[in-house]
Each structure stands twice: as structure tokens, then as C-alpha cells.
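Each remark here refers to the structure printed beneath this line.
The values are calculated or read from the model by the stated rules, or taken from the named source; none is laboratory data. The structure presented is a predicted model; accordingly, all values stated were derived computationally and were not measured. Here the Cβ positions follow ideal geometry from the backbone for every residue, glycine too, while neighbour counts run over all protein chains shown.
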Amino acid sequence: MRAMTAILGLLLALTALGACKIVPNPEPGSENAAAQTDEDRMAAKAGEIYAARLVPYVSGKAIDLPVLTTALQGGLDAAGKAHGVRPQAEGSAWNFLLKGQGTVVQANRESRAATMDLDVTGDGQADVTIQLGPVIRGTALRDAADFIVFTDYRDQIEFAKLARALNDRAHGAIALPEGDLTGRTVRFEGAATLRAATDPVLIVPTLLEIQP
């Protein structure tokens, strides 16, 4: 009787074991690891290139804002061919890497798309707008860097998410003092996109220094 009971118990245990599915824990980074989202992958890519490649690239290639202003008097295409990057087809926007120093004439820090207007020429009028974020518009940082190439990415959607991730990095690097910035002197480097010679210059900054 005891032997029969033991046999029945063993059969039940084997049946239960057969119903179980053993799933191994995947090694981190292996093909079996949980797939990252596009946002995760592009955020990681932005993290790889932003400080290591993009910031020094902008610093080395940026032209003074008045140089662009003067060149635009000859038309956008002429200015673009001399100083800009247009990675797409003819008729697409030109992208410029710019630097300069100016006085804050207005700062809107309440909006999520916060901005700061600078007078660079000393006439008391705003010559350039710096995007502070956290909402930063456009793809200037991505498109002004000639080492970021569309064909290296899966599709337009992934490429767009890279641009947003780079903008997020730019916002995260901004450190501004509290209080009213009007009248303060600011040094900047960054990228801007122009679709017409008369467009306002709207910069995504890679460097933003508030002078004492």
C-alpha cells in the first residue's frame, strides 16, 4: 500500500513538472533581453554623442552671429552655401552653427517652451532668441552636424526621435540663475534653422554662460 502511494505521488509530481515551462533569465544586452523602445535607444545614442562629439563640434564650427547676418543680405542660399549645412534636397532649410554674446532684453521662463531674447549688436533690440525648454522646437542640432546621417538610422521616425533626444540633452545642460535675467550678459553657442533670410534666429544652445 505504501509503495502504491509512493508511486502515485511520484507520478503526480512528474505530471506537475511537465506542465511547467522553465524560462531562463536573459543576459543583459543579449538578443533575448527585452527590446528597448525607439525613445530609449535614441536617448542612449544622444547620450553617447552629445557631450563627446556634438558640443565640441559646434564649438569648433560655429560662426559669429553678425557674420551670418551680413551673409544673409545676399540671400539665404548664398549664406547657406558659405556657412550652413543642408542635408536634404534642394529647397530644404539651411542649418547654421552660431556663437556670440549679447544682453538679455527679455526672458520668458514661465512657459514650457521657455526662451530668452538677446541684443547682440548693442541697439537695444533682440537679435537672437535662445530656446531654454524643456520644450525645444526643431531639429537644428541634429541637422547642423554633418556626422549625423539619416541613412545610419532605420527610418524618418527614428531620426526624428534622435533630434528630440538631442534637444532634451541640450535642455538638461542649461543651468540658469534664479531671478530676472534682463540686462545680464550671455555667451552662447548653438544651432539654428532658417527657411528664409528674414526668419528670426532661434537657437538651440550647446553652451550658455551667464556673465556675473
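One line per residue, one yes/no per condition, for (1) over 23 Å from S59 (Cβ atoms); (2) touching a residue at least 24 places away in the same chain (Cβ under 8 Å); (3) not aromatic (F, W, Y):
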{"site": "A107", "(1), (2), (3)": "yes, yes, yes"}
{"site": "Q131", "(1), (2), (3)": "no, yes, yes"}
{"site": "D146", "(1), (2), (3)": "no, yes, yes"}
{"site": "A160", "(1), (2), (3)": "yes, no, yes"}
{"site": "N167", "(1), (2), (3)": "no, yes, yes"}
{"site": "H171", "(1), (2), (3)": "no, yes, yes"}
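For L72, indicate whether it is touching a residue at least 60 places away in the same chain (Cβ under 8 Å), of a type in the set (A, V, I, L, M) and within 14 Å of G190 (Cα to Cα). No, not satisfied.
If you go through the stretch 77-116 and keep only what is charged (D, E, K, R) and out of contact with any strand residue (DSSP E or B) (no Cβ under 8 Å at 6 or more places or on another chain), you end up with K81, E90, E110.
Per-residue answers, yes or no, for (1) hydrophobic (A, V, I, L, M, F, W, C); (2) at pLDDT 95 or above; (3) under 18 Å from L166 (Cβ atoms); (4) over 31 Å from the mean Cα position of the chain (by Cα):
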| position | (1), (2), (3), (4) |
| --- | --- |
| V23 | yes, no, no, yes |
| P26 | no, no, no, yes |
| D38 | no, no, yes, no |
| Y50 | no, yes, yes, no |
| V55 | yes, yes, yes, no |
| S59 | no, yes, yes, no |
| I63 | yes, yes, no, no |
| V67 | yes, yes, no, no |
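Of all residues in the stretch 33-56, which are in contact with a helix residue (DSSP H, G or I) (Cβ under 9 Å, 6 or more places away or on another chain), assigned to a helix (DSSP H, G or I) and not small (G, A, S)? Once the filter is applied, which keeps residues that are in contact with a helix residue (DSSP H, G or I) (Cβ under 9 Å, 6 or more places away or on another chain), assigned to a helix (DSSP H, G or I) and not small (G, A, S), the stretch 33-56 yields D38, E39, R41, M42, K45, I49, Y50, L54, V55. Of the strands (runs of 3 or more DSSP E) lying entirely inside the stretch 114-212, those carrying at least 1 residues that are more than 14 Å from the chain's Cα centre (by Cα), at pLDDT 95 or above and more than 18 Å from L97 (Cα to Cα) are 185-194.
Here A78 fulfils each of the conditions (1) more than 20 Å from L202 (Cβ to Cβ); (2) in contact with a helix residue (DSSP H, G or I) (Cβ under 8 Å, 6 or more places away or on another chain); (3) modelled with pLDDT under 95 apart from (3).
Does I174 meet the test of being surrounded by fewer than 20 Cβ atoms within 10 Å (Cβ to Cβ), among the aliphatic types (A, V, I, L, M) and more than 22 Å from G124 (Cα to Cα)? Yes.
The C-beta contact set for the stretch 86-98 (first residue at pLDDT 90 or above, second residue of a type in the set (S, T, Y) and in a strand (DSSP E or B), distance under 7 angstrom, 6+ apart or interchain) comprises A93/T193; N95/T193.
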